[in-house]
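> One structure is given below, represented as structure tokens, and several questions about it will come after.
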Amino acid sequence: MKYFGTDGFRGEANVNLNVLHAYKVGRFLGWYYGQEHKARIVIGKDTRRSSYMFEDALSSGLTASGADVYLLHVTPTPSVSYVVRTEQFDCGIMISASHNPYYDNGIKVINGNGHKLEAEIEEKIEEYIDGPEDVIPFATRENIGCTVDYAIGRHRYIGYLMSLATRSFKNIRVGLDCANGSSYSVAKGVFDALGAKTFTMGMEPNGTNINEGCGSTHIERLQKFVKEKNLDIGFAYDGDADRCLAVDENGEIIDGDAILYLCGCYLKEKGELNNNTIVTTIMSNIGLYKALDKAGISYEKTAVGDKYVNACMMEAGHSLGGEQSGHIIFSKYAVTGDGVLTSLMLMEVMLEKKTKLSELKKDLKIYPQLLKNVKVVDKAAAINDPDVQSAATEAEEALSGNGRILLRESGTEPVVRVMAEAETQELCEKYVDKIIAVLAEKKHVIS
């Protein structure tokens, strides 16, 4: 598709994603969901300066097509999913570019079941955006839509999160890095209400500092913070709070793979790990699979993207899945990745087991991993070149089951990603560079 990727319509604000695009997305959705009744559509946004502009543009398009618009204001992406599916909205829209810099933004559409919008509807939106003329009628008179302040929807989501905690967090020292993003309006309030002693960073959004040197993309800041403050645990969210990474009491990273391992073992022990299976993506670390084998837990692998993880979970009825990046889905409680929910689930594991995280993850050995992006002339030609494939196969054979090689195309750039996992960083470098050398030798690389 031209505009919509695996995570909505993304681009630099007013460059390749502008107000006219947003207005037309609103026009289409207001008409599409309003063909048989007056559409009700809820909008949330993150803290980027351009999010306010896109909120207004979407609202204009939606109301011009006759839809009523309910504004959650600054709120996490999973809260939009929660409100849509629990309060019978036709669809939801989240304005965010997640972990990207402040000057990027995105329009993520969520269907009435709380899932990402179906690809066939996204295709129709694209056709309308690029159409030579506006074929959608304007609403008139009493049929014109209105906007409604719906902050109460976010408050209900916060209440829902609080209801999931199984015990008090009293006397637990918790660090929260809210990335100057959406979680600043939710996370601290939830942890405070549950009794934790909270220490926060990334709580002063100004429109241009979202993800800047903070949050899950800059976890080193939280690592230092946890050690300096002598905290029991720390959580870092991304800009729209649909993912979470953690830090143990020693300042060591608990990434998405480690979260899947800790929560998977805990759910298995409780008899709540459906099908005794965890859903991962092909980017998960080989160390995770070795640890799951040892724990007697099965796993499935999907393409990269939480939408693929979610689809696999829904189809088979699995209860836990996620990505190394911290998008974790607990299907009993949500239909999308939810950073704050993930942190609550990790707190439950730690409190129920009465054990420090560093001890709980001692059987998980994460292998060094190296990923290099290579700009190429033609992604498909580069990745399918027999010599490149042969170099990758030889490297994997040399690792003898104690590592792996992964080649994949970027979904958004003229880039091939070359990834290696091995017992040492030096081995990762050696094999990644060997494959890149073959790509260059075969003249696939753009210098």
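The values are calculated or read from the model by the stated rules, or taken from the named source; none is laboratory data. In this text the structure is predicted, and so the values were computed from the model without any measurement. As a convention, Cβ positions derive from the backbone with ideal geometry for all residues, glycine included, and neighbour counts pool all protein chains shown.
> Identify, by number, the condition in (1) under 22 Å from ALA241 (Cβ atoms); (2) not aromatic (Phe, Trp, Tyr); (3) not in a helix (DSSP H, G or I) that GLY145 doesn't meet.
GLY145 satisfies every listed condition except (1).
> So, one more: Do we find a residue being among the acidic types (Asp, Glu), more than 28 Å from ILE152 (Cα to Cα) and crowded, with 18+ Cβ neighbours inside 10 Å anywhere in region 110-122? Please lay out each step first, then the result.
Let us first name the residues in region 110-122 that are among the acidic types (Asp, Glu), namely 118, 120, 122.
Retained after the next criterion (residues that are more than 28 Å from ILE152 (Cα to Cα)): 120, 122.
Then drop every residue that is not crowded, with 18+ Cβ neighbours inside 10 Å, which leaves 122.
Within region 110-122, one or more residues are among the acidic types (Asp, Glu), more than 28 Å from ILE152 (Cα to Cα) and crowded, with 18+ Cβ neighbours inside 10 Å.
> Name the one entry in VAL174, VAL148 that is exposed (fewer than 15 other Cβ atoms within 10 Å of the Cβ) and among the hydrophobic types (A, V, I, L, M, F, W, C). Steps first, answer last, please.
Numbers: VAL174 fails: exposed (fewer than 15 other Cβ atoms within 10 Å of the Cβ).
Every option except VAL148 fails the conditions.
> Right, next: Kindly indicate the residue of region 375-416 that is of a type in the set (Ser, Thr, Tyr) and touching a strand residue (DSSP E or B) at 6+ places or on another chain (Cβ under 9 Å) and also farthest from GLY5 (Cα to Cα) among those meeting that condition. Spell out how you get there, then give the answer.
First, the residues of region 375-416 that are of a type in the set (Ser, Thr, Tyr): 390, 393, 400, 410, 412.
Now narrow it down to the ones that are touching a strand residue (DSSP E or B) at 6+ places or on another chain (Cβ under 9 Å): 393, 410, 412.
Numbers: THR393: 30, SER410: 11, THR412: 8 Å.
If we take residues in region 375-416 being of a type in the set (Ser, Thr, Tyr) and touching a strand residue (DSSP E or B) at 6+ places or on another chain (Cβ under 9 Å), then THR393 is farthest from GLY5 (Cα to Cα).
> Sticking with this structure for a sec: Just need a number here: residues in region 401-428 that are of a type outside the set (D, E, K, R) and not in a strand (DSSP E or B). Walk me through it before giving the result.
Kept after step one, since they are of a type outside the set (D, E, K, R), are these residues of region 401-428: 401-403, 405-407, 410-412, 414-416, 418-420, 422, 424-425, 427-428.
Keeping just the survivors that are not in a strand (DSSP E or B) gives 401-403, 410-412, 414, 422, 424-425, 427-428.
Residues flagged as of a type outside the set (D, E, K, R) and not in a strand (DSSP E or B) within region 401-428 amount to 12.
> If you don't mind, there's one more thing I want to ask. Take region 371-411 and flag every residue that is in contact with a Pro (Cβ under 7 Å, 6 or more places away or on another chain) and closer than 17 Å to ASP433 by Cβ.
LYS375, VAL376
> All but one of (1) buried (at least 22 other Cβ atoms within 10 Å of the Cβ); (2) at positive phi; (3) small (Gly, Ala, Ser) hold for SER79, so report the exception by its number.
(2)
> Would you say GLN35 is at pLDDT below 95 and either more than 19 Å from TYR3 (Cα to Cα) or not assigned by TED's automatic domain parsing to the domain that holds PHE330 (or both)? Before the answer, list the steps.
Values: at pLDDT below 95: no; either more than 19 Å from TYR3 (Cα to Cα) or not assigned by TED's automatic domain parsing to the domain that holds PHE330 (or both): yes.
Criteria not met by GLN35.
> Of all residues being of a type in the set (Asp, Glu) and outside any helix (DSSP H, G or I) in region 373-394, which is nearest to VAL416 (Cα to Cα)? Just the residue, please. Outline the logic, then answer.
Our first condition is that a residue be of a type in the set (Asp, Glu); within region 373-394, this holds for 378, 385, 387, 394.
In the following step, the residues that additionally are outside any helix (DSSP H, G or I) were identified as 378, 385.
Details: ASP378: 9, ASP385: 12 Å.
This residue is ASP378.
> List pairs: first residue in region 317-332 and hydrophobic (A, V, I, L, M, F, W, C) and surrounded by fewer than 24 Cβ atoms within 10 Å (Cβ to Cβ), second residue assigned to a strand (DSSP E or B) and at pLDDT 95 or above anywhere in the structure, Cβ distance under 7 angstrom, at least six positions apart or on different chains.
PHE330/LEU320
> Given the conditions (1) under 14 Å from LYS45 (Cβ atoms); (2) surrounded by fewer than 24 Cβ atoms within 10 Å (Cβ to Cβ), and given that GLU133 satisfies all but one, which numbered condition is not satisfied?
(1)
> Return yes when ASP248 is assigned by TED's automatic domain parsing to the domain that holds MET347, surrounded by 24 or more Cβ atoms within 10 Å (Cβ to Cβ) and either touching a His at 6+ places or on another chain (Cβ under 9 Å) or within 17 Å of THR342 (Cα to Cα) (or both) and no when it is not. Working first, answer last.
On the way: assigned by TED's automatic domain parsing to the domain that holds MET347: yes; surrounded by 24 or more Cβ atoms within 10 Å (Cβ to Cβ): no; either touching a His at 6+ places or on another chain (Cβ under 9 Å) or within 17 Å of THR342 (Cα to Cα) (or both): yes.
No.
> Could you please let me know if LYS224 is in contact (Cβ under 8 Å) with a residue 12 or more places away in the chain, assigned to a helix (DSSP H, G or I), within 20 Å of THR77 (Cβ to Cβ) and over 19 Å from the mean Cα position of the chain (by Cα)?
Details: in contact (Cβ under 8 Å) with a residue 12 or more places away in the chain: yes; assigned to a helix (DSSP H, G or I): yes; within 20 Å of THR77 (Cβ to Cβ): no; over 19 Å from the mean Cα position of the chain (by Cα): yes.
When the stated conditions are applied, LYS224 does not pass them.
> Answer yes or no as to whether ALA22 is buried (at least 19 other Cβ atoms within 10 Å of the Cβ), closer than 25 Å to ASN180 by Cβ and touching a helix residue (DSSP H, G or I) at 6+ places or on another chain (Cβ under 6 Å).
Values: buried (at least 19 other Cβ atoms within 10 Å of the Cβ): yes; closer than 25 Å to ASN180 by Cβ: yes; touching a helix residue (DSSP H, G or I) at 6+ places or on another chain (Cβ under 6 Å): yes.
Spelling it out, ALA22 is indeed buried (at least 19 other Cβ atoms within 10 Å of the Cβ), closer than 25 Å to ASN180 by Cβ and touching a helix residue (DSSP H, G or I) at 6+ places or on another chain (Cβ under 6 Å).
> With the requirement that a residue be closer than 15 Å to ILE219 by Cα, under 15 Å from the mean Cα position of the chain (by Cα) and either modelled with pLDDT under 95 or not in a helix (DSSP H, G or I) (or both), what does region 240-264 give you?
ALA241, ARG243, CYS244, LEU245, ALA246, ASP255
Okay, residues lined up against (1) assigned to a helix (DSSP H, G or I); (2) under 21 Å from the mean Cα position of the chain (by Cα); (3) under 21 Å from LYS227 (Cα atoms):
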residue	(1), (2), (3)
LEU176	no, yes, yes
ALA179	no, yes, yes
TYR184	yes, yes, no
GLY189	yes, no, no
PHE199	no, no, yes
MET203	no, yes, yes
ASN206	no, no, no
ASN209	no, yes, no
GLY213	no, yes, yes
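> Quick check on MET419: is it of a type outside the set (Ser, Thr, Tyr), crowded, with 18+ Cβ neighbours inside 10 Å, within 26 Å of the chain's Cα centre (by Cα) and assigned by TED's automatic domain parsing to the domain that holds GLU249? Outline the logic, then answer.
Numbers: of a type outside the set (Ser, Thr, Tyr): yes; crowded, with 18+ Cβ neighbours inside 10 Å: yes; within 26 Å of the chain's Cα centre (by Cα): yes; assigned by TED's automatic domain parsing to the domain that holds GLU249: no.
So MET419 does not fit the description; no.
> Scan GLU55, GLU36 and give me the residue that is farther than 22 Å from GLY131 by Cβ and in a helix (DSSP H, G or I).
Values: GLU36 fails: in a helix (DSSP H, G or I).
Of GLU55, GLU36, the one residue that is farther than 22 Å from GLY131 by Cβ and in a helix (DSSP H, G or I) is GLU55.
> Okay, moving on. Being aliphatic (A, V, I, L, M) and buried (at least 16 other Cβ atoms within 10 Å of the Cβ) is the filter here, so list the residues in region 151-163 that pass it.
Start the filter on region 151-163 by keeping residues that are aliphatic (A, V, I, L, M), which leaves 151-152, 158, 161-162.
ILE158, LEU161, listed by residue number.
> Being buried (at least 24 other Cβ atoms within 10 Å of the Cβ), within 18 Å of SER96 (Cβ to Cβ) and of a type outside the set (A, V, I, L, M) is the filter here, so list the residues in region 25-49 that pass it.
GLY26, GLY44, LYS45, ASP46, THR47, ARG48
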